[in-house]
Amino acid sequence: MPHLLLVGVPIGAATLVFLLRRLRAGAVLAVLTVLFLAWLAVQLPPGVVLNLLGRTIELDSLSKVMLALLFGSTALLFVILIFLTAAQPTQRRALTYLRQTGQQGRFFYPAALIILGLFVAASMSRHLGITAILIELAAILMVFVIQTERLESTRASLRFIILVSLAAPLFLLAARDIDDYQLSGTIVTPENLEQIALFVGLGFAIWLAVIPFHSWMTNTAAESVPVTAAFVLIAFPIVAVSTLMHLLADLPWLVDSQYLVGAIIIAGVTTAFAGGVLAAIQRGFSEMLGYAALFNMGCIITVLGLGGPAAVVTVLVGLTVRALALILIAASLSTLNIGSASVGFSWVRGAAYTMPVATVGLIVGGLTLAGAPFTAGFPPFWQAIRPLAEVDIRGTIFLLAGALGTTAGFLRGLRALLKPPAQPVRSNGLNLRFEEPYAILVIIAMLTVITIALGVFPWLVIEPLQLFAGHVAFPIK
């Protein structure tokens, strides 16, 4: 069946990409593969693919748009990595950084393709236990993507695999109880409903980096290469949110739980508030990226908990904008890393004068995650605070405080970028006078324009996604 190509093609292509990993052809093949998969995900008709051991394998409208977003984002990250490794810098530090990035990319391309294949299989599965196992397998490979060839610290990869692995048994326990009631045809008792809701809620709290399970997201952003960090921060939440929405749509009786819906709202607001406040006090862009992504994830979770007729399209818009902003930040941070030993505020002083395009892209991407007006992040953020104000004004205040904190953090970073450098050449031989790679500049400029355009004309992204959202029966009203 053609639908199974979405699983088989990336896993099969990963072998060829790995064999060609030392050649540019391997990277090009990886880009062409994910572009083909993005096109195929949009073109394939929705419906049940097959029945496997009594379980349906299905590609529905929600999975189509989620997978297209996943493939498109990965393709763009691959392109950025190719252009980074093709740059020809004159500074020794930049040459060393780009050489290390190229070595990391040799493993990133094939590993990402296998991860995508597993994510596709998880998205099409309609059994929570099977989905959890497939995502756990993908998470094991993601550990190597996060760690790459760094030897100085394993904190990010270790926390990621530990936390994600803790969620798997919770989902398996929930799947066992769900199967018992579905196979027996009996009605779920209130006590067992709360037990299932507890397992499901805790599992998704870990997957979605809800406070206090957030360290896998923030440490990945702080320690991994910007491109690979963006891949993890984009791909894993997309699959996790898709799985949660499918679960609620397939089992609408879950929302009858006394605590589940309220817990989702509280978890979203708390995560957004904590992420925003902590983003405001960071001392580097990599660390701030993690907390800004955490704030944005909290807003998306809040929208899910509030529900309503516009919840599905708002979540889809939010995930699309999130991917756009993270790719823009990854490209900008990669450019900064070419000429700086670190992207801490004390290291990038004066970089705005030598890297103006990267500076603009970085700040616009950060403000987009913060939901600032005139950026693509504002429409989904507005759709989060407007209905929340009708439920509890205190939650709106916390979300606004988180947005202000995230904005303040990136404005602090902009202040550091605009400060004159302490000296033209630092003691370690780092020279801030260099040219930005032109190919990366074009990508940053295009993404910046798109981000601002979607903020001014949000219907450009809302209307296409409404075609998919209309087919999803979301039970939280």
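The values are calculated or read from the model by the stated rules, or taken from the named source; none is laboratory data. No experiment lies behind these values; they were computed from the predicted model shown. With ideal geometry, Cβ positions are generated from the backbone for all residues, glycine too; neighbour counts draw on all protein chains shown.
Of the residues making up the stretch 125-168, just one is free of Cβ contacts under 8 Å to residues at least 24 places away in the same chain, surrounded by fewer than 19 Cβ atoms within 10 Å (Cβ to Cβ) and within 24 Å of residue 58 (Cα to Cα), namely 137.
Residues 348, 315, 303, 321: which one is buried (at least 24 other Cβ atoms within 10 Å of the Cβ), assigned to a loop (DSSP other than H, G, I, E, B) and not charged (D, E, K, R)? The match here is 348.
Yes/no matrix, rows are residues, columns are (1) assigned to a helix (DSSP H, G or I); (2) modelled with pLDDT of 85 or more:
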position	(1), (2)
27	yes, yes
38	yes, yes
57	no, no
93	yes, no
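Residue 21: more than 21 Å from residue 135 (Cα to Cα) and of a type in the set (Lys, Arg), yes or no? Judged against the criteria, residue 21 is a match. Taking the stretch 1-36 as the range and being free of Cβ contacts under 8 Å to residues at least 24 places away in the same chain and surrounded by fewer than 16 Cβ atoms within 10 Å (Cβ to Cβ) as the test, the residues that pass are 12, 19, 23, 25, 32. Scanning the stretch 358-371 for residues that are under 28 Å from residue 446 (Cβ atoms), hydroxyl-bearing (Ser, Thr, Tyr) and either touching a helix residue (DSSP H, G or I) at 6+ places or on another chain (Cβ under 8 Å) or surrounded by 19 or more Cβ atoms within 10 Å (Cβ to Cβ) (or both) turns up at least one hit.
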